[in-house]
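Before any comments, here is the structure.
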Amino acid sequence: MIIEVDPVHPQPRRIAQIVEYAREGLIAYPTDTVYAVGCDLLNKKAMERLYALKGKPTKRPLSLLCSDLKHASEYAVVSDWAFVILRRILPGPYTIILRAGERVPKVLLTRQRTVGIRVPEHPVPQAILRELDHPLLTASVPTVEDQHLADSREIAVHFEKQLSCVVDGGPVPNEPSATLDLSGDEPVILREGRGDISFLL
């Protein structure tokens with residue numbers, strides 16, 4: 001099922017419908033980088049289905065999609081120096097690795113007890129998060145022939161059996177997020193992406 005949503009002013013009634021699907025299973029939705037797939041963090045069965053869709057072992061962590069820095073700090077430990085950086089770049093096209101807080105499910109923890117955090121600058125996932133009122137477990141939609149799918153209909157064609165719904169929120173940049181590790185004593189660039197990291201170089 002494809003649900004069309006205004007990418008600038010998401011319709012509340014449609015967002016509420018999408019959140020119901022997110023509580024029950026997997027949804028695909030646009031972000032400020034690529035199309036992502038996610039589920040309610042509290043739904044263990046949907047979490048397992050997300051790992052299966054991504055083809056990842058359950059011990060390999062996925063990221064948490066949070067609405068803002070305050071929300072993220074409920075699930076991750078943010079040092080003073082990391083807070084300065086995060087306040088500058090979030091919301092935005094970044095995946096941030098931080099030390100995990102106590103509220104993160106154990107299955108998501110790495111050996112280093114870290115967690116990935118995304119705070120997207122896109123009205124659609126922001127509206128979903130406000131309605132859901134806690135994080136989505138999230139990952140990019142699986143690639144097809146090593147290509148990220150940027151069209152909701154193509155995503156539905158390839159993954160309709162695994163997804164409860166696909167949110168059509170218009171085009172996305174289709175460029176992965178920049179990934180920064182801020183869990184240690186200094187920032188480490190793990191992947192260059194859409195987010196500007198020149199201030200760290």
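Brief remarks follow.
- Exposed-loop-free span, longest in the chain, where trypsin sites (Lys or Arg not before Pro) count as exposed if DSSP calls them loop and at most 10 other C-beta atoms lie within 10 Å: 1-110
- Loop-located GluC sites (Glu not before Pro) in the stretch 105-201, at most 16 other Cβ atoms within 10 Å (DSSP): Glu121, Glu145, Glu160, Glu192
- Folded to 0 to 90 degrees: helix 44-54 orientation relative to the chain principal axis, Cα: 90 degrees
- Were the residues from Trp81 through Glu121 laid out at 0.36 nm apart, the gain over their Cα-Cα distance would be 12.2 nm.
- Full extension of the segment from Glu74 to Lys54, taken as 0.36 nm per residue of separation minus the current Cα-Cα distance, would add 4.6 nm.
- DSSP beta bridges confined to the chain are antiparallel in about 65 percent of cases.
- If you model the stretch 2-200 as an ellipsoid using its alpha carbon gyration tensor, with each semi-axis the square root of five times an eigenvalue, the axes come out at 25, 18, 17 Å, biggest first.
- Choice from Gly25, Gly55, Gly101 with maximal GNM fluctuation in the chain (Cα, 10 Å cutoff): Gly55
- Residue among Pro125, Pro171, Pro30 with the largest mean-square fluctuation in a Gaussian network model of the chain, springs linking Cα atoms under 10 Å: Pro171
- Charging the Cβ of each Asp and Glu at -1 and of each Lys and Arg at +1, and nothing else, the dipole of the chain about its Cα centre rounds to 800 debye.
- Net charge, Gly101 excluded, C-beta distance under 15 Å - Lys, Arg +1, Asp, Glu -1: +3
- Angle of helix 80-89 to the longest C-alpha principal axis of the chain, folded into 0 to 90 degrees and rounded to 10: 40°.
- The calculated 222 nm mean residue ellipticity attributable to helices in the chain amounts to -8000 deg cm²/dmol, summing -39500 (n - 2.57) over DSSP H runs of n ≥ 4 and dividing by all residues.
- With respect to the chain, whose longest principal axis is taken over its alpha-carbon atoms, helix 12-24 is tilted by about 80°.
- Top of Val119, Val37, Val144 by mean-square fluctuation, Gaussian network on the chain, Cα under 10 Å: Val144
- Whole-number percent relative contact order across the chain, with pairs defined as alpha carbons under 8 Å at least 6 apart: 33 percent
- Pairs of Lys residues in the stretch 2-200 that lie 8 or more places apart, or on two chains, and have C-alpha atoms under 25 angstrom apart add up to 18.
Bear in mind these aren't lab numbers, they're just calculated from the coordinates by the rules spelled out. Only a predicted model underlies this, so the values are computations on that prediction, with no experimental measurement involved. FYI the Cβ positions are ideal-geometry reconstructions off the backbone, even for glycines, and counts take in every protein chain you see.
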